[in-house]
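Below is one structure, written out as structure tokens, with a few remarks after it.
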Amino acid sequence: MTTAGSMPPIPISGAADKSAGGGRIAILAALVANLGIAVAKFVAWSVTGSSAMLSEGVHSLADSGNEVLLLVGGHRANRVPDAGHEFGYASSRYLYAFIVSVVLFTFGGAFAAYEGWHRLTHPTAVTDVGWGVGVLLVAILLESGSLRTALHESRADRAGLGFVAYLRQARHPELPVVLLEDLAALTGLGIALLGLTLASATKDARWDGASSLAIGALLVLVAGWLAVRMGSLLVGESVLPAQRITIIAALREEPSVLDVIHLRSLHLGPDEVLVAVKIAVDPALPAGELAAAIDRAEVRVRAVLPTARYVFIEPDLTR
């Protein structure tokens, strides 16, 4: 016999809303910063002729596209479930984050690598280095502000996790993408600044090309890591081990639940989780009491996991 709790799905609220809102704030902050930085870098490139400056300009332009796609993904995820998508569109956020990692990061990285290789094989003198250095220093300040915003907005979602552990375990795609994007941008700016300085000091433009090549390698590396991480989220991940333990403990607190036979979970989206549980019950339990026990068990699951959008509970016998 298969029975599901009779309570309707309850709207996602509380921490989930705060996390989603924090992601939008971080995305908008990064978008504003990257658009301004991209314009400044292209102006500096037109003055200096620096390959690294051109690569950084394309990098910032690609980053701006990243933020736009993340915002589009968030908007499309809010569509109401329909007959063709009965569990809704929450996974759109994973899809667009995956597109960001594969297409735009790779595009920026491949362009920077090509430009660097071209400058190494066909070196051209870098002029008006002061312009380039000034733009890079301003860009570093702006990117630092964007990173600070992303770190602040991710504080609640991290819940005490270290930075690397958070990147590996986060079920919200936007904040990890923005954090890695900002870190890659800051690292790339440092590389460009070093290359421009060395090219000016040594009168050897190949340093400029080498820095552009390094920026390309950095972006491709970040793209690869993000593609693997977002691909895993898109395929579908379960709740975290600690959340699983909490759900099982909550179910076992229900007097009519003799045991939890097995539990399966799936993140349909960052803030929407499907939970399917098989519980052992007393075979002599009347149907009415069984239905009430299942409803109480469902309430307990939602209490410890507010993002449990869909909860299905099947009673069975211990074998």
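The values are calculated or read from the model by the stated rules, or taken from the named source; none is laboratory data. In this text, all values refer to a predicted model and were calculated from it rather than measured experimentally. Cβ atoms come from the backbone with ideal geometry, glycine included; neighbour counts cover every protein chain shown.
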Search result, residues across region 123-155 that are aliphatic (A, V, I, L, M) and in contact with a helix residue (DSSP H, G or I) (Cβ under 6 Å, 6 or more places away or on another chain): 126, 129, 135, 136, 139, 140, 142, 147, 150
Test for residue 239: is it in contact (Cβ under 8 Å) with a residue 60 or more places away in the chain and more than 30 Å from residue 312 (Cα to Cα): no
Residue match in region 34-46 (condition: modelled with pLDDT of 75 or more, crowded, with 24+ Cβ neighbours inside 10 Å, within 19 Å of residue 226 (Cα to Cα) and aliphatic (A, V, I, L, M)): no
Considering residues of region 219-238 that are among the aliphatic types (A, V, I, L, M) and surrounded by fewer than 21 Cβ atoms within 10 Å (Cβ to Cβ) only, the residue nearest to residue 110 (Cα to Cα): 220
Long-range neighbours under 6 Å by Cβ, at least six apart or interchain, first residue under 15 Å from residue 100 (Cβ atoms) and in the same structural domain as residue 28 (by TED's automatic domain parsing) within region 169-191, second aromatic (Phe, Trp, Tyr) and in a helix (DSSP H, G or I): 173/94
Given (1) surrounded by fewer than 22 Cβ atoms within 10 Å (Cβ to Cβ); (2) over 30 Å from residue 205 (Cα atoms); (3) not hydrophobic (A, V, I, L, M, F, W, C), number of the condition residue 176 does not satisfy: (1)
Filter pass, residue 100 being modelled with pLDDT of 80 or more, buried (at least 19 other Cβ atoms within 10 Å of the Cβ) and among the β-branched types (Val, Ile, Thr): yes
Members of region 67-110 that are polar (S, T, N, Q) and more than 18 Å from residue 171 (Cα to Cα): 106
Cross-chain or 6+ apart pairs with Cβ under 8 Å, region 274-290 first and surrounded by fewer than 16 Cβ atoms within 10 Å (Cβ to Cβ), then part of a helix (DSSP H, G or I): 285/293
Enumeration of residues in region 94-120 that are β-branched (Val, Ile, Thr) and either free of Cβ contacts under 8 Å to residues at least 60 places away in the same chain or not assigned by TED's automatic domain parsing to the domain that holds residue 57 (or both): 99, 103
Count of residues meeting criterion [touching a residue at least 40 places away in the same chain (Cβ under 8 Å) and more than 14 Å from residue 263 (Cβ to Cβ)] in region 291-314: 10
Selection count where residues are in contact with a Leu (Cβ under 7 Å, 6 or more places away or on another chain) and more than 18 Å from residue 216 (Cα to Cα), scope region 118-138: 4
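Restricting region 1-30 to residues that are under 15 Å from the mean Cα position of the chain (by Cα) and at pLDDT 80 or above, which is farthest from residue 134 (Cα to Cα)?
My answer is 25.
Please work out if residue 233 is over 30 Å from residue 59 (Cα atoms) and of a type outside the set (D, E, K, R).
no
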